[in-house]
Amino acid sequence: MGHEVIAERESLVTMRYFELIDDLYVPDRWSLGDPIDASGREVANPWMFRKGEPVSLETPLKIPVDHSGQSLGFTLAGIGLAPVVHAEAAAILTRLAPEDVQLLSVTVAAEPGPYSLVNVLRLVRCIDDEASEEVLYWKPEDGRPEKVGKYRDVAGLRIDPTKVGDAKVFRTWGWTVALIVSEDIKDALEHAHVTGVKFREVTGPSEVSPEERERNRKLQALYDRTETARTAFWRTLGTLDENAILPIVVGGGWPARRQVWRVIHRPEGRTLFVTDGLSDFFVDTVEPSVGFGLELALETDEPQAKWPVTLLERIANELVGHEHLREPARTGILSMEVDGERMPEPLLTKEGRVAVLLGMDTPTLPDHFTMPDGQVRLVTVKTLMPRELTYLLEHGREELLHRFNQSPPGHLSKAWRQPVV
């Protein structure tokens, strides 16, 4: 009996599983959108096909083609990442994993069918946290109570095959973006030459060395400590907009190579846009610090304004790239100009640029805040009208600052206002 148990366990350990993903390198491939109903409206919840539950639909669905091109036998469609497969792939799933999938008939624009949307019915709790490159969990302080305890991000996914059971097609519990198939299904899809499929193994030894793993742990601890402290400070200024979709950029010269912006709603209908990363630690040294020791803050009372994020990005990148600008921004007052592309027309100089004044004091915002590893200056950003820039260049900052402080809107940045000079 003991030998049988050991043999079974060894068999399970040798089982190989693969994440099934889009092959984005197919030349001139198409791109599919989220399913729509008969009236042409997108389904209310495009993530319903990642819950691991059967769905019941009143009418057949259509899959729009967002970008025309080479049709494929397998495509992850839209933001919901619902697998859409042609008949051959559907037949393989039906034959090898009939209990794991629900196939919903769909039409794909004017393409000849049949096509099916694959609703995966199995959720398996099998992610191997230790073997995966990096895992992040949702925490109470993230403000998403319904997600606490689930995975916020998983990099270098590895699963424990002993926890899979008899599932051959499944999603990983807590991180349902991952679609996993067994080796025999992978082999069948490849043998049938199903186009659009790509596989990434999620079993076997981790690709991350112990040294890399230890470095990643240190980095994650620094990320958590920095982000928690800074987020707590942002919440003292108003209500953080958790739903704001802003361009988070990875790379560049920011200290931790992540460029983030946050939106904070303030009293009297004001909105505060802030950079969230200039005071990160320096990722190359993996040591605690406050990075450049500053964050930018632009406040406006213009509803639905989008230009402040673009402006903050351009200012931040100027400061990141030029140390001679960072020092006065961190300690005093600085005027500068940046590219005015896609900026409101009233702010543009004759040369098509936008001028700003950095570091203007205001009684409604603190000028510094404390992080675990030091003080950070909160640098206000005040947009200048072209006439105000001319005045500043001719008369200096002091008189212009005096006029701003005497005339509303003070430190607020507005695209549509009368100059104070």
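Can you tell me which residues in segment 203-213 are open to solvent by 30 Å² or more (accessible area, probe 1.4 Å) and either in contact with a helix residue (DSSP H, G or I) (Cβ under 7 Å, 6 or more places away or on another chain) or in a loop (DSSP other than H, G, I, E, B) (or both)?
Start the filter on segment 203-213 by keeping residues that are open to solvent by 30 Å² or more (accessible area, probe 1.4 Å), which leaves 204-207, 209-213.
GLY204, PRO205, SER206, GLU207, SER209 - these are the residues of segment 203-213 that are open to solvent by 30 Å² or more (accessible area, probe 1.4 Å) and either in contact with a helix residue (DSSP H, G or I) (Cβ under 7 Å, 6 or more places away or on another chain) or in a loop (DSSP other than H, G, I, E, B) (or both).
Restricting VAL177, VAL194, VAL154 to those that are out of contact with any Lys or Arg (no Cβ under 8 Å at 6 or more places or on another chain) and assigned to a strand (DSSP E or B) reduces the list to VAL154. Whenever a residue of segment 172-189 is closer than 13 Å to LEU121 by Cα, its partners that are modelled with pLDDT under 95 and in a helix (DSSP H, G or I), lying with C-beta atoms within less than 6 angstrom and at least six residues away or across chains, give the pairs THR176/ARG50.
Tell me, which residue of segment 343-368 that is among the polar types (S, T, N, Q) and either in contact with a strand residue (DSSP E or B) (Cβ under 7 Å, 6 or more places away or on another chain) or over 21 Å from HIS265 (Cβ atoms) (or both) is surrounded by the most Cβ atoms within 10 Å (Cβ to Cβ)?
Step one: of segment 343-368, the residues among the polar types (S, T, N, Q) are 349, 362, 364.
Next, only the ones that are either in contact with a strand residue (DSSP E or B) (Cβ under 7 Å, 6 or more places away or on another chain) or over 21 Å from HIS265 (Cβ atoms) (or both) stay: 349, 362.
Details: THR349: 15, THR362: 17.
The qualifying residue surrounded by the most Cβ atoms within 10 Å (Cβ to Cβ) is THR362.
Does at least one position in segment 170-185 carry a residue that is more than 20 Å from GLY52 (Cβ to Cβ), open to solvent by less than 40 Å² (accessible area, probe 1.4 Å) and of a type outside the set (A, V, I, L, M)? Steps first, please.
First, pick out the residues of segment 170-185 that are more than 20 Å from GLY52 (Cβ to Cβ): 183-184.
Going one step further and asking which of them are open to solvent by less than 40 Å² (accessible area, probe 1.4 Å), we end up with none.
No; the residues of segment 170-185 include none that is more than 20 Å from GLY52 (Cβ to Cβ), open to solvent by less than 40 Å² (accessible area, probe 1.4 Å) and of a type outside the set (A, V, I, L, M).
Whenever a residue of segment 267-279 is under 19 Å from PRO408 (Cα atoms), its partners that are basic (Lys, Arg) and surrounded by fewer than 17 Cβ atoms within 10 Å (Cβ to Cβ), lying with C-beta atoms within less than 6 angstrom and at least six residues away or across chains, give the pairs LEU272/ARG266. Consider segment 157-171 and keep the residues that are within 22 Å of the chain's Cα centre (by Cα) and touching a residue at least 60 places away in the same chain (Cβ under 8 Å). The one that is nearest to LEU81 (Cα to Cα) is ARG171.
Is at least one residue of segment 252-274 in contact with a Pro (Cβ under 6 Å, 6 or more places away or on another chain), at positive phi and surrounded by 17 or more Cβ atoms within 10 Å (Cβ to Cβ)? I'd like the intermediate steps shown before the answer.
In the first step, residues of segment 252-274 are kept if they are in contact with a Pro (Cβ under 6 Å, 6 or more places away or on another chain); the result is 273.
Subsequent filtering for residues that are at positive phi retains none.
The answer is no; no qualifying residue exists.
Within segment 214-260, being part of a loop (DSSP other than H, G, I, E, B) and modelled with pLDDT under 85 holds for GLU242, ASN243, ALA244, ILE245, LEU246, PRO247, ILE248, GLY251, GLY252. Just one residue in the set VAL154, VAL135 is surrounded by 14 or more Cβ atoms within 10 Å (Cβ to Cβ), without any contact (Cβ under 8 Å) to a residue 60 or more places away in the chain and more than 28 Å from VAL85 (Cα to Cα); that residue is VAL135.
Out of GLU313, GLU327, GLU323, report the one residue that is of a type outside the set (S, T, N, Q), open to solvent by 20 Å² or more (accessible area, probe 1.4 Å), under 27 Å from ASP224 (Cβ atoms) and out of contact with any Lys or Arg (no Cβ under 9 Å at 6 or more places or on another chain). Break it down into steps so the answer makes sense when it comes.
Values: GLU327 fails: under 27 Å from ASP224 (Cβ atoms); GLU323 fails: under 27 Å from ASP224 (Cβ atoms).
After ruling out the rest, the residue left standing is GLU313.
Taking residues in segment 335-346 that are more than 15 Å from LYS382 (Cβ to Cβ) and free of Cβ contacts under 8 Å to residues at least 24 places away in the same chain, and partners anywhere that are small (Gly, Ala, Ser) and surrounded by fewer than 16 Cβ atoms within 10 Å (Cβ to Cβ), the pairs with Cβ atoms closer than 9 Å and at least 6 places apart or on different chains are GLY340/GLY352; GLU341/GLY352. Within segment 52-82, the set of residues being open to solvent by 90 Å² or more (accessible area, probe 1.4 Å), without any contact (Cβ under 8 Å) to a residue 40 or more places away in the chain and in a loop (DSSP other than H, G, I, E, B) comprises SER56, GLU58.
Among the residues of segment 157-174, those that are touching a Cys at 6+ places or on another chain (Cβ under 8 Å), under 21 Å from GLN102 (Cβ atoms) and assigned to a loop (DSSP other than H, G, I, E, B) comprise VAL164, TRP173. Here the condition is being hydrophobic (A, V, I, L, M, F, W, C) and out of contact with any Gly (no Cβ under 7 Å at 6 or more places or on another chain); of VAL106, VAL85, it holds for VAL106 alone. Within segment 307-327, track down each residue that is closer than 22 Å to ASP361 by Cβ and touching a residue at least 24 places away in the same chain (Cβ under 8 Å). Answer for segment 307-327, where residues must be closer than 22 Å to ASP361 by Cβ and touching a residue at least 24 places away in the same chain (Cβ under 8 Å): PRO308, LEU311, LEU312, ILE315, ALA316, LEU319, ARG326. Applying the criterion of being closer than 23 Å to ASP166 by Cβ and without any contact (Cβ under 8 Å) to a residue 60 or more places away in the chain to the residues of segment 83-94, the residue that is surrounded by the fewest Cβ atoms within 10 Å (Cβ to Cβ) is THR94. Restricting the first member to segment 409-421 and to residues that are within 19 Å of ARG270 (Cα to Cα) and modelled with pLDDT under 85, and the second to residues that are of a type in the set (Ser, Thr, Tyr) and open to solvent by 30 Å² or more (accessible area, probe 1.4 Å), no beta-carbon pair is closer than 6 Å while six or more apart or on different chains.
The values are calculated or read from the model by the stated rules, or taken from the named source; none is laboratory data. Being a predicted model, the structure only gives us computed values, none of them experimental. Glycine also receives a Cβ, built like all others from the backbone with ideal geometry; neighbour counts cover every protein chain displayed. The area values use the complete protein model at the heavy-atom level, side chains included, leaving out ligands, DNA and RNA. Shrake-Rupley method; radii C 1.70, N 1.55, O 1.52, S 1.80 Å.
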